[in-house]
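Below you'll find the structure, written out as structure tokens, and then a few comments.
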Amino acid sequence: MLKKRRNRTIAILGITFVILTMAFQLLQDKIIFQGVRLNASHSFVFDQPFEEHFIPTPDGHQINLLLFRTAQAPKGLVIYFHGNRDNLQRWGNYAKDFTQYGYEVLMMDYRGYGKSTGKPNERVLYADAKLVWQWAKDNLATPPSQLVLYGRSLGTAVASQLATEVKAALLILETPFDELRGAIVPWLKPVFSVLPFSYEFPTYRHLAKSDCRKVIVHGTDDMITPISSALRLKPLLKEGDAFFVIPRGSHGNLRELEEYHVKLAEVLNQ
């Protein structure tokens with residue numbers, strides 16, 4: 001009797017695991033990529049000058065770009081890779097954090113976000129980021145000594161991967177994770193640690209291969225990307241790099257905190 005119960009329990013656990021695995025595989029893209037599409041006729045509205053551009057991809061899709069100009073003589077260019085949600089109508093508002101210091105800002109929407117067509121995955125995000133860099137190189141002629149790559153959350157993996165392929169002066173990572181699995185909050189690790197992920201987004205691997213100066217900014221109260229995950233990147237930093245911890249900073253409120261802006265100004269004005 002006990003043996004039958006044990007076998008039944010094992011069978012139930014096995015079936016449950018298979019169901020969870022299948023569900024996770026089906027829903028994984030929806031969990032990771034939470035972009036909001038925009039109609040092609042959508043008109044962006046921001047309180048600073050900008051230009052809209054499109055880049056064709058080799059497989060027939062298009063990437064939507066916004067270029068924010070600065071009123072000053074440009075000190076350089078920030079290529080900004082945003083998080084996994086929404087689209088450029090939201091993220092474009094962040095450009096003023098850089099234009100106020102004399103930097104132009106180039107932002108892309110990932111495939112399936114905003115007006116960008118296609119479907120996102122890890123491989124195409126990296127490839128499309130390289131296309132954006134090439135567009136900037138061809139059209140803006142920013143020298144590597146004035147190029148800043150900035151990534152936020154999911155965008156930290158994209159920015160750090162691009163930094164392994166192109167020359168830049170500075171790589172700034174806001175609320176990064178060491179790898180996608182590392183972004184799991186501790187109380188969910190027992191479940192997600194055994195489920196198969198389709199994507200790695202190994203920021204730690206990219207950082208080890210990039211030569212530019214690196215700055216990491218993370219909040220103490222981040223419940224989406226635990227600071228423990230970001231701290232695993234700290235040993236990869238070298239002399240001249242920096243790791244800033246923002247007290248009371250969560251995953252979405254760093255821009256609301258004065259210390260974030262103080263650190264950002266310090267880095268950009270060096």
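The values are calculated or read from the model by the stated rules, or taken from the named source; none is laboratory data. Remember, predicted model here, so these are calculated numbers, not experimental data. Note: ideal-geometry Cβ built from the backbone for every residue, glycine included; neighbour counts use all protein chains shown.
For the stretch 132-179: of the residues being hydroxyl-bearing (Ser, Thr, Tyr) and outside any helix (DSSP H, G or I), which is farthest from Tyr94 (Cα to Cα)? Result: Thr164. The residues in the stretch 100-131 that are touching a helix residue (DSSP H, G or I) at 6+ places or on another chain (Cβ under 6 Å), part of a helix (DSSP H, G or I) and of a type in the set (A, V, I, L, M) can be counted, and the count is 2. Among the residues of the stretch 211-237, those identified as in contact (Cβ under 8 Å) with a residue 40 or more places away in the chain and among the basic types (Lys, Arg) are Arg213, Lys214, Arg232.
For the stretch 91-104, state whether one or more residues are more than 21 Å from Val267 (Cβ to Cβ) and in the same structural domain as Tyr126 (by TED's automatic domain parsing). Checking the stretch 91-104: at least one residue is more than 21 Å from Val267 (Cβ to Cβ) and in the same structural domain as Tyr126 (by TED's automatic domain parsing). The strands (runs of 3 or more DSSP E) falling completely within the stretch 1-99 include none with 3 or more residues that are among the acidic types (Asp, Glu), loosely packed, with under 15 Cβ neighbours inside 10 Å and at pLDDT 60 or above.
Kindly indicate the residue of the stretch 166-185 that is among the charged types (D, E, K, R) and in contact with a Phe, Trp or Tyr (Cβ under 8 Å, 6 or more places away or on another chain) and also farthest from Lys263 (Cα to Cα) among those meeting that condition. Step by step, filter the stretch 166-185, then rank; the result is Arg181. Taken together, Tyr113, Tyr126, Tyr94 contain a single residue that is touching a Gly at 6+ places or on another chain (Cβ under 9 Å) and hydroxyl-bearing (Ser, Thr, Tyr), which is Tyr113. Residue-level check: of (1) of a type outside the set (Asp, Glu); (2) at positive phi; (3) touching a helix residue (DSSP H, G or I) at 6+ places or on another chain (Cβ under 9 Å); (4) surrounded by fewer than 18 Cβ atoms within 10 Å (Cβ to Cβ), Ala141 misses just (3). When Pro235, Pro196 are checked against the criterion of being surrounded by fewer than 16 Cβ atoms within 10 Å (Cβ to Cβ), modelled with pLDDT under 80 and not acidic (Asp, Glu), Pro196 stands alone in meeting it.
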